[in-house]
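Only one structure is covered here, and it is reproduced in the block below.
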């Protein structure tokens, strides 16, 4: 069984929604390189898009002059992405997991992103670090996906 | 750059909305605008064709949630059709199949409106 390639790479993006396509391209390429199949690559990319969308909309509240960093650290079977921002700190415990019927009645889509991240990734952790906030997402490569 | 386009055309008593490309927090406002225009014209029978949509995030899903009440309160519906598997998976994770009619083919969805 071939070991997956070790990857350490990062990119910095501006806090605007037009950065999202670049975030997806970056994560997509690294996840493929690590050995995930198409379905897993799509899922990981979506989870990171959701994390970065939250940064743009909530940490920077739509302000375009902020920056966030997307770092990929992948080794062994763990593909880890850390999204770091320097905006308003985010407390995921303040965002209730959505009841889809309830959301639908209230016309609100907020919280769906966090719900998706938790469904799609093995680990989702938030932490404040100095003046920055980090969300750490991990997805493990399963044996059958290794080539 | 991941582009997004939305085209609409009338078919019988319904409007078909064709989505193309990537629907995320950047492009969701374009879809919102199209829904808003349909609402202002009193067009409430809507079939959304996802055949050429490659990607959707929760920002895109939120648009469908934002308009469904207004549409149904006016005796219309938003019916979804022709989804690629990876797009369907996102709708499925969020429980949309319980709230929206999802069809393999847009003509099946149109028949539901045209038979009313």
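The values are calculated or read from the model by the stated rules, or taken from the named source; none is laboratory data. A quick note: this is a predicted structure, and the numbers were derived from the prediction, not measured. Cβ coordinates were reconstructed from backbone atoms using ideal geometry, including for glycine residues, and neighbour counts include every protein chain displayed.
Details
- Evaluated against (1) assigned to a loop (DSSP other than H, G, I, E, B); (2) crowded, with 18+ Cβ neighbours inside 10 Å; (3) more than 10 Å from chain A (Cβ to nearest Cβ), residue B:71 falls short on exactly one condition, (1).
Matching residues to (1) more than 9 Å from every other protein chain (Cβ to nearest Cβ); (2) touching a helix residue (DSSP H, G or I) at 6+ places or on another chain (Cβ under 6 Å); (3) surrounded by fewer than 23 Cβ atoms within 10 Å (Cβ to Cβ); (4) within 23 Å of residue A:52 (Cβ to Cβ):
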site	(1), (2), (3), (4)
B:11	yes, yes, yes, no
B:28	no, yes, no, yes
B:38	yes, no, yes, no
B:52	yes, no, yes, no
B:85	no, no, yes, no
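- Scan of segment A:49-60 for residues that are more than 10 Å from chain B (Cβ to nearest Cβ) and under 16 Å from residue A:82 (Cα atoms), ordered by number: A:51, A:55, A:59
- Residues (more than 17 Å from residue B:75 (Cβ to Cβ), modelled with pLDDT of 95 or more and either touching a helix residue (DSSP H, G or I) at 6+ places or on another chain (Cβ under 6 Å) or in a loop (DSSP other than H, G, I, E, B) (or both)) located in segment B:89-116: B:103, B:104, B:105
- Boolean, residue A:108 is more than 16 Å from residue A:50 (Cβ to Cβ) and either assigned to a loop (DSSP other than H, G, I, E, B) or at pLDDT 65 or above (or both): no
- Scanning segment B:87-116 for residues that are within 14 Å of residue B:45 (Cα to Cα) and crowded, with 20+ Cβ neighbours inside 10 Å gives B:106, B:109, B:110.
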